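Heads up: the structure comes next, in structure tokens.
The values are calculated or read from the model by the stated rules, or taken from the named source; none is laboratory data. In this text the structure is predicted, and so the values were computed from the model without any measurement. Neighbour counts run over all protein chains shown; Cβ positions are idealised from the backbone, glycine included. Calculation scope for accessible area: heavy atoms of the full protein, side chains included, ligands and nucleic acids excluded. Shrake-Rupley method; radii C 1.70, N 1.55, O 1.52, S 1.80 Å.
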Amino acid sequence: MAKDASLAAKGIKKNFIGTQALKGVDFTLYGGEIHALVGENGAGKTTLMNIICGVYRPDAGEIYLSGQKVNIKNPYDAQQLKISFVHQEVALCDDVTVAENIFMPSINQSKRFRVNYKRLFKEAQKVLEPLANIRPNRKVRDLGMSQRQIVEIARALSLNCKILVLDEPTSALSESDAKALFKILHDLKSKGISIVFVSHRMSEVFSQCDRVTVLRDGNYLGSYLIKDVTKKEIVNKMVGREIDDTFPDKNDIDCSDKNILFEIRDFSDTNFKDINFKLYKGEVLGLAGLVGSGRSELAQAVCRLKPSRSGKIFYNGKEIKTKTPRQSINEGIVYLTEDRKNDGLFLSLPINKNISAVDLKKVSRKLMVNRRLENKQANDYIKMFDIRCSSNQQRVQALSGGNQQKVLIAKLLTVNPKVIFMDEPTIGVDVGAKAEIYKLIRDLANKGIGVILISSELPEIVGMCDRVIVMHEGDKIGEVQKDDINEREIIHMASGITKKSEKKGFVSEQVGS
């Protein structure tokens, strides 16, 4: 690595209305390195990066680029200094094309009256080609979550940055998309570009990064060469305690017909066809597949959030007939969205109102919301889930990602669900909060609530699930259980390389030419 730092932040402090987010943090980034920044939700990682990228102004501290002190007053200043920031929350314009989003900074600065779309699409294609097969002329509103993330990254790369900050860049990406991204990052690294990689995924930190800096509660705990530390050491520094068992013990499931809790039959629509599966009592069932496999669309169709052409639902052997999301909720079949900020939470409302929103009858008397009951319900869940907040009146948008996720789960549990589809339940959540959510999921299954877990993180699927159904391009390609649940088997099936044999379990078989 270069002897001189490309970026050095010294003694950075930041206070938000009585909360000391950063308490004199140091951070050094060298040219040609991928540097991980880790810590629990609320540790100050994103705040530090927002200061470096001009979103916030520090209360104290100094920033140096290549040894020269700089004053970054706003994001435009950061852009001029060749610093690009890909935020965790995707911020794109839905009503214009992918190409227009990628080159929006240059379009806004251009003095030309008309946009040369032919040239724009051609240039966008050059940026997108190494990342993913996304047409530059597509409207962003038609893209999935992972594709939107790739467009954000493409926009940052189009600015020819010298410092690239990525905040949880793979949280919504499939494994193949993540591999493509890492290839790009290593190509940029070889050209001397400095990369800050903010992530909760320790496997990625240790396989892709050169150094790691740890923050906890706004404090700088140190920077380490990846080769000199272990995952356990870093995790324990992050949370301030020992975390030995990330995943709780699995159950020995009785997969006989008498133990069937929930079943779907012959579900079909444009994104999936003829899907059948059974969920057994006490089981955490995994639903795995690459982006575009139809797993989320299937869950949304079962919960009546999206239409289906055909399909029947059974609970304890009895058919449940629902047509609307409210009817599904009334029957106890609920869906935990993967996009909590757009589809799951009312960010501008306080915690108590978010938790009570799905079932106001529970906290109402004589058609009026009883504030005492609403506050008690919120306080019970805050205590149960260890939601870190100032009070139940705190706005959800002021909470860390992990605490927002806990509020979302609490919100669904107020309806006493019978079956929960959990779509990416730990997305953007730190390792400490992940362990808590994993324990909660297993506790729900042990209490008789059906849990179907959808996740892009294969270690999560392998560590949590008693049985895994794998989908590929809208088909249920097979399932694995017990000792057969491993990353290699699942990814082979999800990519269409391996499929189920009718008689002998699984065989390796090439699909297509």
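Things worth noting here:
- Residue match in region 127-134 (condition: without any contact (Cβ under 8 Å) to a residue 12 or more places away in the chain and open to solvent by 10 Å² or more (accessible area, probe 1.4 Å)): yes
- Among the residues of region 29-69, those that are touching a residue at least 40 places away in the same chain (Cβ under 8 Å), closer than 27 Å to T19 by Cα and in a loop (DSSP other than H, G, I, E, B) comprise G39, E40, N41, G42, A43, G44, C53, Y56, P58, D59.
- Selection count where residues are in a helix (DSSP H, G or I) and more than 11 Å from A288 (Cβ to Cβ), scope region 431-463: 18
- With respect to the conditions (1) under 24 Å from the mean Cα position of the chain (by Cα); (2) modelled with pLDDT of 90 or more, Q88 lacks only one, and its number is (2).
- Restricted to region 23-47, and to residues there that are at pLDDT 95 or above, of a type outside the set (F, W, Y) and touching a Leu at 6+ places or on another chain (Cβ under 9 Å), the residue that is nearest to V429 (Cα to Cα) is L37.
- The criterion of at least 1 residues that are over 26 Å from the mean Cα position of the chain (by Cα) and not acidic (D, E) is met by the following strands (runs of 3 or more DSSP E) wholly inside region 247-288: 260-269, 272-280.
- Just so you know, in region 135-149 the residues that are within 13 Å of C93 (Cα to Cα) and open to solvent by less than 50 Å² (accessible area, probe 1.4 Å) include one that is modelled with the lowest pLDDT, and it is Q149.
- Search result, residues across region 319-363 that are farther than 23 Å from Q393 by Cα, part of a helix (DSSP H, G or I) and among the polar types (S, T, N, Q): Q327, S328, N330
- Close Cβ contacts (under 7 Å, 6 or more residues apart or on different chains) running from residues in region 388-401 that are of a type outside the set (S, T, N, Q) to residues that are open to solvent by 50 Å² or more (accessible area, probe 1.4 Å) and modelled with pLDDT under 90 comprise R388/G42.
- Among the candidates P425, P417, P325, the residue that is without any contact (Cβ under 8 Å) to a residue 24 or more places away in the chain and closer than 30 Å to D269 by Cβ is uniquely P325.
- Looking only at residues of region 467-476 that are buried (at least 23 other Cβ atoms within 10 Å of the Cβ) and either of a type in the set (A, V, I, L, M) or in contact with a Lys or Arg (Cβ under 6 Å, 6 or more places away or on another chain) (or both), we find that the one that is farthest from N251 (Cα to Cα) is M471.
- There is no residue in region 17-25 that is in a loop (DSSP other than H, G, I, E, B), β-branched (V, I, T), in contact with a helix residue (DSSP H, G or I) (Cβ under 7 Å, 6 or more places away or on another chain) and open to solvent by 40 Å² or more (accessible area, probe 1.4 Å).
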